[in-house]
Ligand SMILES: [Zn+2]
């Protein structure tokens, strides 16, 4: 039998409803914990049926952990890895070192209180750390063993030769590989919106290319990618902090995030998982180093 290519499947475990409400200035953003529970049940079944019960890594925002400690405890006790997806779903490159440090510490503390240990891994919301934000990686390196935020189109060899930030900081980086498309106009990544909008064979070929370029291929989803009934959509009435035009634009954009490509996303995910061999939580990668 031909050996399948190894991949690591992970979940960016965030509450899109809460994050959106907060971003548009709602005074009291609510949360969609029931939807997160439904998603978890579904993804835990996928682990059992299609991944030989191998566990996943959940990059959890501090606010999700704070709002749903029982669910996080459950995920942890089922054997999955709890890592950090920052405190709130904020873009780190728009913040400064102090704000980053405070938020990292708060998220770590929330997670540690729930599961009794500090998370080993970190992934920035939106993979939102620019290449020259070395200060951000310095702060991450003080607190985590590994990071998985750095977007690249390069091979691991060429990164190891030219990109010394992670070596200097003793931080293991698991790169988010993107395949350059349309003369580098954008790069095709291996999860999230790309999973919803493109056929599964495009994701498969990008994961294979990532492997050929020396990376650990990383497949990822968010709860709002997989649930089909717009569970995380913010209703018009809650957008009253916005004036009419931004409110309307936001209303329309939400369909991209909560409606576009969702009907097939779960099937595509399963097709991809069958094609590859999921290895387990990403913290296992630290052993091979
Ligand atoms: Zn995220």
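The values are calculated or read from the model by the stated rules, or taken from the named source; none is laboratory data. Everything numeric in this text was worked out from a predicted model, so none of it was measured. Cβ: placed from backbone, ideal geometry, glycine included. Neighbour counts: every protein chain shown.
Any idea which of (1) out of contact with any strand residue (DSSP E or B) (no Cβ under 6 Å at 6 or more places or on another chain); (2) in contact (Cβ under 8 Å) with a residue 60 or more places away in the chain is the one residue 10 doesn't satisfy? Residue 10 satisfies every listed condition except (1).
Could you list, in sequence order, the residues of region 190-214 that are under 20 Å from residue 274 (Cα atoms) and touching a helix residue (DSSP H, G or I) at 6+ places or on another chain (Cβ under 7 Å)? Correct list: 190, 192, 194, 195, 196, 200, 203, 204.
State all residues of region 188-207 that are within 14 Å of residue 271 (Cβ to Cβ) and out of contact with any strand residue (DSSP E or B) (no Cβ under 8 Å at 6 or more places or on another chain); if no residue qualifies, say none. Within region 188-207, 196, 199, 200, 201, 204 qualify.
One line per residue, one yes/no per condition, for (1) farther than 21 Å from residue 43 by Cβ; (2) surrounded by fewer than 20 Cβ atoms within 10 Å (Cβ to Cβ); (3) at pLDDT below 95:
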residue	(1), (2), (3)
73	no, yes, no
90	yes, no, no
99	yes, yes, no
110	yes, no, no
125	no, no, no
134	yes, yes, yes
138	yes, yes, yes
157	yes, yes, yes
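Beta carbons closer than 6 Å, at least 6 apart along the sequence or on distinct chains, pair a first residue in region 125-137 that is closer than 18 Å to residue 85 by Cα with a second that is modelled with pLDDT under 90 and more than 16 Å from the ligand (Cβ to nearest atom) for 137/165; 137/169.
Taken over region 75-88, the criterion of being out of contact with any strand residue (DSSP E or B) (no Cβ under 6 Å at 6 or more places or on another chain) and crowded, with 23+ Cβ neighbours inside 10 Å is satisfied by 86, 87.
For region 63-95, the tally of residues that are away from the ligand (no atom under 11 Å from the Cβ) and under 19 Å from residue 24 (Cβ atoms) stands at 5. Per this entry, residue 28 is not counted among residues that are closer than 21 Å to residue 122 by Cα and either assigned to a loop (DSSP other than H, G, I, E, B) or within 16 Å of the ligand (Cβ to nearest atom) (or both). Residues in region 142-187 that are part of a helix (DSSP H, G or I) and touching a strand residue (DSSP E or B) at 6+ places or on another chain (Cβ under 8 Å): 143, 159, 166. Within region 141-158, is even one residue farther than 16 Å from residue 191 by Cα and within 16 Å of the ligand (Cβ to nearest atom)? For region 141-158, residues farther than 16 Å from residue 191 by Cα and within 16 Å of the ligand (Cβ to nearest atom): present.
Tell me, please, whether a residue that is assigned to a loop (DSSP other than H, G, I, E, B), farther than 23 Å from residue 16 by Cβ and more than 16 Å from the ligand (Cβ to nearest atom) can be found in region 217-239. Checked against the condition, which is being assigned to a loop (DSSP other than H, G, I, E, B), farther than 23 Å from residue 16 by Cβ and more than 16 Å from the ligand (Cβ to nearest atom), region 217-239 yields at least one hit.
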